[in-house]
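Heads up, the thing below is written out as structure tokens.
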Amino acid sequence: MSTVDSQQRVLSGMRPTGRLHLGHLHGVLKNWVKLQHEYECFFFVADWHALTTDYGDPGIFEENVVEMVIDWLAVGVNPGSAALFVQSKVPEHAELHLLLSMITPLGWLERVPSYKDQQEKLREKDLDTYGFLGYPLLQAADILIYRAGYVPVGADQVAHVELTREVARRFNHIYGREPGFEENAMAAVRKMGKKSARLYSSLRTAYQEQGDHEALAKAQALLKEQQNISIGDRERLFGYLEGGGKMILSEPQSLLTPACKMPGLDGQKMSKSYGNTITLREPLQDVEKKISTMPTDPARVRLKDPGDPEKCPVWQLHLTYSSQKTRDWVVAGCKSAGIGCLECKKPVIEAVIAELEPIQKEAAQYIRDPDIVRSIIAEGCETARECAKATIQEVRSAMGLITW
Ligand code: TRP
Ligand code: SF4
């Protein structure tokens, strides 16, 4: 599939760090489930990414990979709508990473904000490695190998998508200017047939001479419809339209996932490293226990002490789980000391249990039969590989490597 057809493709990856929790569900997974209906989706387990920070822990991956995909499936990620696969099973990611490393200035990687940030935050880990420095470029390869149009990411990863765009632009700039580009492009125009060729040329002129963006969009749509020109020609025509060279790699856009408000049990962000999570597989009686013992507004020492929901982590859960009516009841009851904290937590406990129960039922099926999960992954890998191979073939050829 060419650059031009893949603009509606979404790609995202997740590290196999262990059991997924409510933060993942509300922050990432619900968004994936929505996107899979709107776009062609590729979701993968970023096991090589996990190695860039945890190379000393090889025991954790294999089990985590299958368990994480079970969680994806249990919440409704559908292998019929999205290819689910494992990064290390698609070696084309690594080849593209290597090839892109040839043209990526070191300074671009040293300037990625997460590089210094993480080194300072994760002092207990050895992040003075070549792999860690290069990991945003590996991410760029993950994205570019599928020519994805959109990448759902949190705010901390936007800089990585920006780097991806810069690398794609640099690649196209260096390798898209094949000798005889102009002649090749004009020959490609003729191959579209008289009618389309004439339309393309007039739209291109309107865009290039008058900056008519509507004409640009129309011409792009016209190219997408063309059945009988090759991928290479289509990329030439796409580039020729905008005045540059051939567009071999396409620049993706971030789809910013709104920051998740899900608090952990202690009120900080829910995260495995803080030990404050409710996992998707949490035994339901533990859900009750964990929420019941959550801290609340410290001002409410006794039942008759009034409180303020804004100072209470349980309130954040109400914002995710409760109706307006329940929230009004909480605010009034908390401020007037009319309800107790345990009473206030009850609707949240019920809502979390109601949410997790069907997820756990789904998960149980896959836990019983992990072979199904393995075959879903194998199938996803195959779909992914087919697409990745087409891109790497073109990249090899653009860089002058042997392609036979
Ligand atoms: N780097 C991401 C993370 O650490 C995971 C990731 C890897 C990713 N490759 C990606 C996300 C490509 C989006 C697209 O969470
Ligand atoms: Fe928090 Fe509810 Fe207690 Fe108020 S009543 S402090 S909102 S748990």
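Whether any residue in the stretch 7-16 is hydrophobic (A, V, I, L, M, F, W, C) and buried (at least 22 other Cβ atoms within 10 Å of the Cβ) is what I want to check. Yes, the stretch 7-16 contains at least one residue that is hydrophobic (A, V, I, L, M, F, W, C) and buried (at least 22 other Cβ atoms within 10 Å of the Cβ). Applying the criterion of being buried (at least 18 other Cβ atoms within 10 Å of the Cβ) and more than 18 Å from E355 (Cα to Cα) to the residues of the stretch 316-331, the residue that is farthest from the chain's Cα centre (by Cα) is W329.
A185 is checked against (1) touching a strand residue (DSSP E or B) at 6+ places or on another chain (Cβ under 9 Å); (2) not assigned by TED's automatic domain parsing to the domain that holds T53 and fails just one. What number does that condition carry? Among (1) touching a strand residue (DSSP E or B) at 6+ places or on another chain (Cβ under 9 Å); (2) not assigned by TED's automatic domain parsing to the domain that holds T53, the lone unmet condition for A185 is (1).
For every residue, the table says whether it meets (1) away from ligand 1 (no atom under 15 Å from the Cβ); (2) in contact with a Leu (Cβ under 9 Å, 6 or more places away or on another chain); (3) touching a residue at least 60 places away in the same chain (Cβ under 8 Å); (4) outside any helix (DSSP H, G or I).
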| position | (1), (2), (3), (4) |
| --- | --- |
| S12 | no, yes, yes, yes |
| K30 | yes, no, no, no |
| L51 | no, no, yes, no |
| F61 | no, yes, no, no |
| V66 | yes, no, yes, no |
| I70 | yes, no, yes, no |
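Take the residues in the stretch 81-98 that are out of contact with any Ser or Thr (no Cβ under 8 Å at 6 or more places or on another chain) and assigned to a helix (DSSP H, G or I); name whichever of them is farthest from V65 (Cα to Cα). The residue in question is L98.
Of the helices (runs of 4 or more DSSP H) contained entirely in the stretch 276-376, those carrying at least 2 residues that are in contact with a Ser or Thr (Cβ under 7 Å, 6 or more places away or on another chain), over 19 Å from H21 (Cα atoms) and not assigned by TED's automatic domain parsing to the domain that holds P79 fall at 341-368.
In the stretch 107-125, the residues that are within 19 Å of D54 (Cβ to Cβ) reach residues that are not in a helix (DSSP H, G or I) with C-beta atoms within less than 6 angstrom, at least six apart or across chains, in these pairs: Q119/L127.
Out of K304, K289, K269, K261, report the one residue that is surrounded by fewer than 20 Cβ atoms within 10 Å (Cβ to Cβ) and in contact with a strand residue (DSSP E or B) (Cβ under 8 Å, 6 or more places away or on another chain). Exactly one residue qualifies, and that residue is K269.
Residues checked against (1) touching a residue at least 40 places away in the same chain (Cβ under 8 Å); (2) of a type in the set (A, V, I, L, M):
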| residue | (1), (2) |
| --- | --- |
| E282 | yes, no |
| R300 | yes, no |
| P309 | no, no |
| T326 | no, no |
| V331 | no, yes |
| G340 | no, no |
| P347 | no, no |
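Within the stretch 74-98, residues that are outside the structural domain of E362 (by TED's automatic domain parsing) sit with their Cβ atoms under 8 Å from residues that are among the hydroxyl-bearing types (S, T, Y), at 6+ positions apart or across chains, in these pairs: A74/Y366; A83/T383; F85/T383; E92/T391; L96/T391. Taken residue by residue, the stretch 357-366 has no member that is within 21 Å of G264 (Cα to Cα), surrounded by 13 or more Cβ atoms within 10 Å (Cβ to Cβ) and at pLDDT below 95.
The values are calculated or read from the model by the stated rules, or taken from the named source; none is laboratory data. All values reported here derive from a predicted model rather than from experimental measurement. Don't worry about glycine lacking a Cβ; one is built from the backbone with ideal geometry, like all the others, and counts go over all protein chains shown.
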